[in-house]
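What follows draws every value from the coordinates through simple rules; no lab data is involved. Remember, predicted model here, so these are calculated numbers, not experimental data. Positions of Cβ are generated from backbone atoms using ideal geometry, with glycine treated the same way; all protein chains shown enter the neighbour counts.
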């Protein structure tokens, strides 16, 4: 069984190798991104090392930030964002403290999200607010999977991240047909190369199975396209501007969110 302790040497080695490669490239944007990783990876690893409480705390923090970014993209008001954040946090806490009540927590969250535009009597934008809130709840509640999956979720994040990086560089170099009009820069060649790289990481980390393979190869690209659709609707390039080298947090975890959902469904 994979543990955080068994993953730590791989994560540390990847950071060191990445730092060497970035230093050789002398590209400022890559240096900025590596510095963000050098700070983020130890924090995330430490949270998972703490066990289920740490994973829950991480999911709560990431979930609230993601809700704020998602609310900005969807032009949701303060009340919508507060209720959506509370709903996502409720699902995470239910997954940690009362796993048998998760579906009830999701249902209560959905009712609370729907109540905001209904009680406001918003005939003009109510349907948009309702749809955006329910999408946000379904999408971001996948973070609750960090609690039961533990180290496996950390390994999945590593595989998805490597797949994203490989897809970016392979797609630019190999070219070929576009993956989707939602993201014209992405190519099928890059997606396939990224999937192969992600599966290789799963194999190295000893977590390769058909559910994790489908989660990385299918769920990862699907999550990327989902956020691209949301950002295109909002006519913005990034979900935020505060995370060095990545724009916003959603830009970093979009692939992971759907990969987690796929893994939960299949396993």
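Structural remarks
- Taken as Cα centroids, the range 116-166 and the range 12-56 sit 23 Å apart, rounded to the nearest whole angstrom.
- Neighbour counts of C-beta atoms inside 10 Å place 98, 191 in the sequence 98, 191, starting with the fewest.
- Mean residue ellipticity at 222 nm, helices only, the chain: -25500 deg cm²/dmol; runs of at least 4 DSSP H residues each add -39,500 (n - 2.57), and the sum is divided by the number of residues.
- Crossing angle, helix 52-73 versus the chain [Cα axis fit, 0-90 degrees, rounded to tens]: 70 degrees
- Among 29, 69, 124, a tally of other beta-carbon atoms within 10 Å of each Cβ gives an order, fewest to most, of 124, 29, 69.
- Pair-distance profile P(r), taking every C-alpha pair of the chain, with 10 angstrom steps and integer %: 7, 28, 37, 21, 6, 1
- In plain terms, the residue of 10, 157, 70 with the fewest other Cβ atoms within 10 Å comes first and the most crowded comes last, giving 10, 157, 70.
- Highest mean first, the peptides 80-90, 35-45 sorted by other C-beta atoms within 10 Å per residue fall in the order 80-90, 35-45.
- Cα-based helix-to-principal-axis angle, 188-204 vs the chain, degrees rounded to 10: 80 degrees
- Crossing angle, helix 151-174 versus the chain [Cα axis fit, 0-90 degrees, rounded to tens]: 70 degrees
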